[in-house]
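Taking it in order: structure first as structure tokens, then the write-up.
Any read-out appearing in this document is the output of simple, stated calculations on the displayed coordinates, not a laboratory observation. What you see is a predicted model, and the numbers here were worked out from it, not measured in a lab. Please note: Cβ atoms are built from the backbone with ideal geometry, for glycine as well, and neighbour counts cover all protein chains shown.
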């Protein structure tokens, strides 16, 4: 295996010149730089990453921890992160907790061992998890979810507005009796989307039937099981269902269709987050777009700022504005 001394001899330059070219630590003339890079290619030299990171005090690596890589919300977000990381010569270590709390501690230990320069963490919802992150001493940015009263670096969406957009669209379509299939109220996104649904219904002067407001998980099974519960317990079914996420909406549509209820002919369904599969689902799903790619991109850009600032910079919370995406699952305008 070639060494820096071999490069120095081959290029007929000093060892310090080779080091300056490899580490980009000092100016080297174009002529000498070319001689060094040509020698590197000819000898197939590979710099020692550990040694370089110790010298530069940076591994140019960030850790990304998500809760459920199978959720279609995540791939665009991760791509946004990776695109920015690649443009800045950073590497990404991706970890998936599969919604298992004990994995967070394990992955945080891994990040410390790998000496990452910072962390991006999607869907951290509890103060206990946040305390573990703080203990690492690593610089970090939270994405999409945050614990109560969290006021540090964060990139997310206006969740209340996302539900308001959904309700407003359903009301414009002529629907009045509208159900809400939500998530776990311990999670801020679920609380905010539920709050937006209720407040917007009240603004339109529409009743919120407690029997038509469901809690659950961000999963297809949750949507499906709550449909079964609704069909067993509710005498007057809703005209439309507003859901906390597209994955829940997928379960809702499957549950309705299995019961012989047509979407949107019998009941309209509205999603929330506009995942990549929504356009091509059994019934193309109307939804609210969360710009998850942009969320990932902005979170990586913010983390790089935090990493590169020598002095502590003011914390920032970037809240994106959602937008309505209309497809077939809400039917045609019933007011026409």
For a test of the definition: using alpha carbon positions, the gyration tensor, and the 1.5 limit on a/c, classify the range 180-305 as rounded, prolate or oblate. prolate
In terms of the Cα gyration tensor, with a ≥ b ≥ c the square roots of its eigenvalues, is the range 235-336 rounded because a/c is under 1.5, prolate because a/b exceeds b/c, or oblate? prolate
When you count, for each residue, the other Cβ atoms within 10 Å and take the mean per peptide, how do 66-78, 200-212 rank with the highest first? 66-78, 200-212
State the extension gain, in nm to one decimal, for the chain segment bounded by residue 102 and residue 2, taking 0.36 nm per residue of separation less the distance between their alpha-carbons. 31.7 nm
Most exposed first by the Cβ proxy, i.e. fewest other Cβ within 10 Å, how do 280, 169 rank? 280, 169
Relative contact order %, the range 150-304, counting alpha carbon pairs below 8 Å whose residues are six or more apart: 23 percent
Looking at the chain, what % of its DSSP beta bridges pair antiparallel, to the nearest 5? 10 percent
Would you kindly give the portion of the calculated P(r) for the range 265-312 that falls above 15 Å, as a percent of all Cα pairs? 60 percent
Contact order relative to length for the chain, counting C-alpha pairs under 8 Å separated by 6 or more residues, stands in percent at 18 percent
Most to least packed among 261-274, 93-106 [average Cβ atoms within 10 Å]: 261-274, 93-106
Would you please classify the overall shape of the range 66-111 from the alpha carbon gyration tensor, given that a ≥ b ≥ c denote the square roots of the eigenvalues, rounded means a/c under 1.5, and beyond that prolate means a/b larger than b/c while oblate covers the rest? oblate
Using all Cα-Cα distances in the range 82-193, what percent lands in each 10 angstrom bin from 0 up to the longest? 11, 37, 28, 16, 7, 1
Kindly put 86, 281 in sequence by how many other C-beta atoms sit within 10 Å of each C-beta, fewest to most. 86, 281
Can you give me the three principal axis dimensions of the range 13-159 from its C-alpha atoms, in Å, biggest first? 58, 29, 26
Per residue Cα convex hull volume in Å³ - calculated over the chain: 168 Å³
Report, in deg cm²/dmol and to the nearest 500, the calculated mean residue ellipticity at 222 nm for the chain, where each DSSP H run with n ≥ 4 adds -39500 (n - 2.57) and the sum is divided by the residue count. -14000 deg cm²/dmol
Given a cut-off of under 8 Å on Cα pairs at least six residues apart, what relative contact order in percent is computed for the range 65-165? 23 percent
